[in-house]
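For reference, the structure is listed below as structure tokens.
Coordinate-derived values only; no laboratory data. Computed from a predicted model, the values in this text were never measured in an experiment. Every residue, glycine as well, gets a Cβ built from its backbone with ideal geometry; the counts of neighbours run over all protein chains shown.
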Amino acid sequence: MPRPPSFRRVGCLPQSSYYKPRGIPLSVLQHVTLTVDELEAIRLTDLEGLYQADAAEKMNISRQTLGRILESAHRKIADALANGKALQIEGGQYELDPRIARDVPPPPHRFRRGRGGPRHRGGRGPRQQ
């Protein structure tokens, strides 16, 4: 019986879950799914410029595992860009880094539920005395 996969530590969650070519409806496009842990590996190595060993340590995985994750992520991103596919970001075996979790901002307003507060149309905002 294979060993269950360990959770990869992720420093932040994506602000958007889809990227697509402009001018083409999402319903018509094929899509490629990039996992959250693949996005984190790309962020740490390509955006922040960390060496693979340092990025692997931050994600709580081995350097070899990080290399496989990066290879998969680069292939998926190249497929989406070269073939005009939508890039969907979701899923994966990850956990939010507990040291950073308290500093994560709430999702953008379009993802919140309910109404209320001074931004709601018809709301009056704080009372003036």
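Any idea how many residues of the range 60-74 are among the acidic types (Asp, Glu) and more than 12 Å from Glu38 (Cβ to Cβ)?
Qualifying residue count, the range 60-74: 0.
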| Considering only the range 18-57, how many residues are without any contact (Cβ under 8 Å) to a residue 24 or more places away in the chain and not aliphatic (A, V, I, L, M)? | 11
| said: Being closer than 13 Å to Gln93 by Cβ and assigned to a loop (DSSP other than H, G, I, E, B) is the filter here; which residues of the range 1-21 pass it? | reply: Arg3, Pro4, Pro5, Ser6, Phe7
| Matching entry among Leu50, Leu13 (being on the phi < 0 side of the Ramachandran plot, in contact with a helix residue (DSSP H, G or I) (Cβ under 6 Å, 6 or more places away or on another chain) and not β-branched (Val, Ile, Thr)) | Leu50
